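What follows is a short report on a single structure.
The values are calculated or read from the model by the stated rules, or taken from the named source; none is laboratory data. Note that the structure is predicted; figures quoted are calculated from it, not measured. All Cβ positions, even for glycine, are placed from backbone atoms using ideal geometry, and neighbour counts span all protein chains on display.
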């Protein structure tokens, strides 16, 4: 297939996902990006899209200004809009603590996204090729990764609402160099590409040539094809995981409730996928590596557990739910203060920060009472003031069906309510007497009387919103 036909077929795939009328081409000035620009210019005639040439000056080397000028001249030659973006990668890397390579990539995409945001229905096109794909797969394999990492560079990826297309992933670097030569395309060589200070360069100039010489002369093709195979399998696994979560997990920020039995029926690979998906759902700002994912998977299997996370957080698993919360032993832990609230004859309110929904209603005395401890009935004979508040040290209750009283701290222990959750657990009291702890225990005091036709029914449910 001719290169122009290959690029056109990739554009057709992209258009099916995102109809576009603007292509922002990332052009560095190297042979591969100049070839991409030449190909997009040819297709512009029949596709009728606006072609914007974006060049990011990284501030790493003095000759970068030369590259920017070449790209500007070629954009003018092709009658394309030219946009120059400048960043200071070395300075940003010092501030962030990232490597120069990682910082350059992050800032480059940030700038490309800014350019795309100023145009109607844009997509971004980059000149990543087969050699880039092979280097990426090797790099991730050496660092340690799963299927998602081994899938390598995706030919089409959605980034902050904008699609990024890589139409040259099936093309070797040498073929792009030959294309540039055949069409007399000017280009510049980035001298930092030869420096072995950078990990990616060592893979390119040392590891891959070694593998070609001693193990597989077609290693670049082999790795690129492996990435294609893994990508398809990864997409299938992702779809199965997403479908499971949609049917069996309720997620919100910092909280997820799941069907443990359904989870245990999943194959091991899907269990790990589902765990990672749920963790990302409940807090997408935290980083979860293999150790966290595997620990959580084992906790779910056992039904309980906890994991300390970075930034003063803990992941707590209990009663078929996962919750990310501040570690109360951490300096970052917030102080939770309950403001006692009267539960009226008819009310509905949500204690959002503590994740509880409370509803009360005057009802006719039922002939039978539900057995759930999440609902409770109180006599209206003396119209006692029912108050919901937080747990206090020394709180006791007279459990229904038992003699004597019991410390609420012992009730929490009996029901395996971990210490972090006790601070935000609702307690209902009349006067100084605790009469109900939802889901755990009802007092034998202040029970309803059947000779009184009306009762106050109170229902408590955990809220899924934070």
So residue 313 clears everything in (1) touching a helix residue (DSSP H, G or I) at 6+ places or on another chain (Cβ under 9 Å); (2) modelled with pLDDT under 90; (3) under 26 Å from residue 143 (Cβ atoms); (4) surrounded by 17 or more Cβ atoms within 10 Å (Cβ to Cβ) except one condition, right? Which one? (1)
List the helices (runs of 4 or more DSSP H) that sit entirely inside segment 147-252 and contain at least 1 residues that are in the same structural domain as residue 115 (by TED's automatic domain parsing) and either surrounded by fewer than 16 Cβ atoms within 10 Å (Cβ to Cβ) or out of contact with any strand residue (DSSP E or B) (no Cβ under 6 Å at 6 or more places or on another chain) (or both). 147-150, 173-182
Only strands (runs of 3 or more DSSP E) wholly contained in segment 14-132 count here; list those with 2 or more residues that are touching a residue at least 60 places away in the same chain (Cβ under 8 Å). 22-26, 50-57, 122-125
Any residue at all in segment 269-292 that is closer than 24 Å to residue 388 by Cβ and modelled with pLDDT of 75 or more? no
Go through segment 361-385 and report how many residues are under 17 Å from residue 461 (Cβ atoms) and either part of a loop (DSSP other than H, G, I, E, B) or modelled with pLDDT of 85 or more (or both). 8
Residues of segment 258-271 being farther than 14 Å from residue 242 by Cβ, without any contact (Cβ under 8 Å) to a residue 40 or more places away in the chain and either in contact with a strand residue (DSSP E or B) (Cβ under 6 Å, 6 or more places away or on another chain) or surrounded by 13 or more Cβ atoms within 10 Å (Cβ to Cβ) (or both), which ones? 262, 263, 269, 271
Looking across segment 253-280 at residues that are outside any helix (DSSP H, G or I) and over 15 Å from the mean Cα position of the chain (by Cα), the single one that is nearest to residue 151 (Cα to Cα) is 267
All but one of (1) on the phi > 0 side of the Ramachandran plot; (2) in contact (Cβ under 8 Å) with a residue 60 or more places away in the chain hold for residue 184; state the number of the condition that does not hold. (2)
Only one of (1) crowded, with 16+ Cβ neighbours inside 10 Å; (2) assigned by TED's automatic domain parsing to the domain that holds residue 391; (3) closer than 25 Å to residue 260 by Cα; (4) modelled with pLDDT of 70 or more is not met by residue 355, so which one is it? (4)
For residue 10, only one of the following conditions fails: (1) buried (at least 17 other Cβ atoms within 10 Å of the Cβ); (2) touching a helix residue (DSSP H, G or I) at 6+ places or on another chain (Cβ under 9 Å); (3) in a helix (DSSP H, G or I). What is its number? (2)
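Take the residues in segment 393-424 that are within 37 Å of the chain's Cα centre (by Cα) and part of a loop (DSSP other than H, G, I, E, B); name whichever of them is modelled with the lowest pLDDT.
Step one: filter segment 393-424 for residues within 37 Å of the chain's Cα centre (by Cα), giving 409, 411-424.
In the following step, the residues that additionally are part of a loop (DSSP other than H, G, I, E, B) were identified as 415-418, 423-424.
Details: 415: 82, 416: 74, 417: 77, 418: 69, 423: 75, 424: 77.
Among residues in segment 393-424 that are within 37 Å of the chain's Cα centre (by Cα) and part of a loop (DSSP other than H, G, I, E, B), the one modelled with the lowest pLDDT is 418.
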